Amino acid sequence: MEPLQMNMVSDTAVRVIFGTVISMETHKNIRSFCRELEKHPQKGIQEWVPSYTAVTIFYDPFLLSFDSLEAYIMNVCDSIEHHNLPDSMQVTIPVCYEEAFGPDLNQVAVHNQLTPEEVIELHTEPEYLIHMMGFLPGFPYLGGMNEKIAAPRLDAPRMKVPAGSVGIAGSQTGVYPLESPGGWNIIGRTPKKLFLPQETDPVLLEAGMRIKFMPVTTDEFLEMEEKEASC
């Protein structure tokens, strides 16, 4: 398999492009490519970051020339074996969709001419694929959301979105792992901690995993939150 294109992002980074649209085939190519990078480490490569359609490789040009990196990338692509991809791990994310945790749920429902209950049903129905990790540590960008609950970003982003908030922006859904500013429609919140900086492996999720949202009551949320805090 050959990438569609390789672009120099800077004198220390190269973007390897595998597609032009978000698709399962492109995702599989990216997962396979990253797996081969792990299996065949190359001196001078510092890290790589997968996205929806590409992988950006950061390298030390004093240890690895661009020509050598390009040859390495092509060799890696030639050795990809899709059939050896491991099964994706599924993670269940409990979410409370009550108004106290999902202030924009009604707004999303009205925008799509649905009831809040229908939005919850459509949001919890799919199994979501994590295509990439996003702008915050542990923020998953998910594929598979039903277009019937798509909604535009807020006109005025919030200065503080609580950690664990589950949001919708356009045709995407995601979970805020940390308190931060944000313009997504918040439809619920999970008590599950997605980012634990004190841990050796601080990020719970990674690209290639699958997520299933599970609705819970306020009482269940508070009980789970207490257990998470004591861990």
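Taking the helices alone, the chain has a mean residue ellipticity at 222 nm of -7500 deg cm²/dmol, built from -39,500 (n - 2.57) per DSSP H run of at least 4 residues and averaged over all its residues. Per-atom-type breakdown for the stretch 142-231 gives carbon and sulfur 52% of the accessible area (1.4 Å probe, protein chains only).
With viscosity set to 1.567 mPa s and temperature to 4 °C, compute the Stokes-Einstein D of the stretch 1-119, Rh being the Kirkwood radius across alpha carbon pairs; µm²/s, no decimals.
The Stokes-Einstein estimate is 76 µm²/s.
Heavy-atom accessible surface of the stretch 161-231, averaged per residue, reaches 47 Å², computed with a 1.4 Å probe. Along the stretch 137-150 the Karplus relation, 6.51 cos²θ - 1.76 cosθ + 1.60 evaluated at θ = phi - 60°, assigns HN-Hα couplings of x, x, 7, x, 8, 9, x, x, 6, 5, 5, 5, 10, 5 Hz to successive residues, with x for each Gly and Pro. For Met132, the residues 5 or more places off, or on other chains, whose built amide H falls under 5 Å of its own are Tyr141.
Using a probe of 1.4 Å, the accessible surface attributed to Tyr128 totals some 0 Å² when neighbouring protein chains are kept in position. Relative to the longest principal axis of the Cα atoms of the chain, the long axis of helix 66-78 makes an angle of roughly 70 degrees.
What number do you get for the chain when its Cα radius of gyration is normalised by 2.2 N^0.38 Å, N = residues?
Taking N as the residue count of the chain, the ratio is 1.12.
Of Met133, Met89, Met24, which has the most accessible area with a 1.4 Å probe, and how do the rest follow in descending order?
Met89, Met24, Met133
If you take the Cα centroid of the stretch 96-137 and the Cα centroid of the stretch 166-231, the two points sit 12 Å apart. At R0 = 45 Å, how high is the FRET efficiency between His111 and Glu25 if r is their beta carbon distance? Nearest 0.05 is fine. So the FRET efficiency works out to roughly 0.90.
Taken per residue, the accessible surface of the stretch 21-144 reaches 52 Å², heavy atoms only and a 1.4 Å probe. Residue-normalised convex hull volume from the C-alpha trace of the stretch 148-227: 119 Å³ per residue. Computed 3J(HN,Hα) for the stretch 100-108, one whole-Hz value per residue from the Karplus formula 6.51 cos²θ - 1.76 cosθ + 1.60 where θ = phi - 60°, is 4, 9, x, x, 9, 4, 4, 5, 5, glycine and proline marked x.
Across the stretch 116-161 the C-alpha pair distances fall into 5 Å bins from zero in the proportions 5, 17, 17, 23, 25, 12, 1 percent. Rounded to the nearest 20, the size of the Cβ-charge dipole of the chain about its Cα centre is 320 debye, with Lys and Arg at +1 and Asp and Glu at -1. Scanning residues 5 or more positions from Gly164 or on other chains, those with amide H under 5 Å from its amide H are Tyr176, Leu178, with H placed 1.01 Å from N in the peptide plane.
Which one of Pro116, Pro215, Pro61 has the biggest mean-square fluctuation once the chain is modelled by GNM with Cα springs under 10 Å? Residue with maximal mean-square fluctuation among Pro116, Pro215, Pro61: Pro61. Once both labels are positioned 7 Å from their Cα atoms along Cα-to-Cβ, the gap between Arg153 and Phe62 label points is 3.8 nm.
For the chain, a Gaussian network of Cα nodes joined below 10 Å ranks Gly44, Gly208, Gly134 by mean-square fluctuation, and the top entry is Gly44.
The values are calculated or read from the model by the stated rules, or taken from the named source; none is laboratory data. None of these values were measured; they are calculated from a predicted model. Don't worry about glycine lacking a Cβ; one is built from the backbone with ideal geometry, like all the others, and counts go over all protein chains shown. These accessible areas exclude ligands, DNA and RNA; they are computed on the full protein's heavy atoms, side chains included. Shrake-Rupley method; radii C 1.70, N 1.55, O 1.52, S 1.80 Å.
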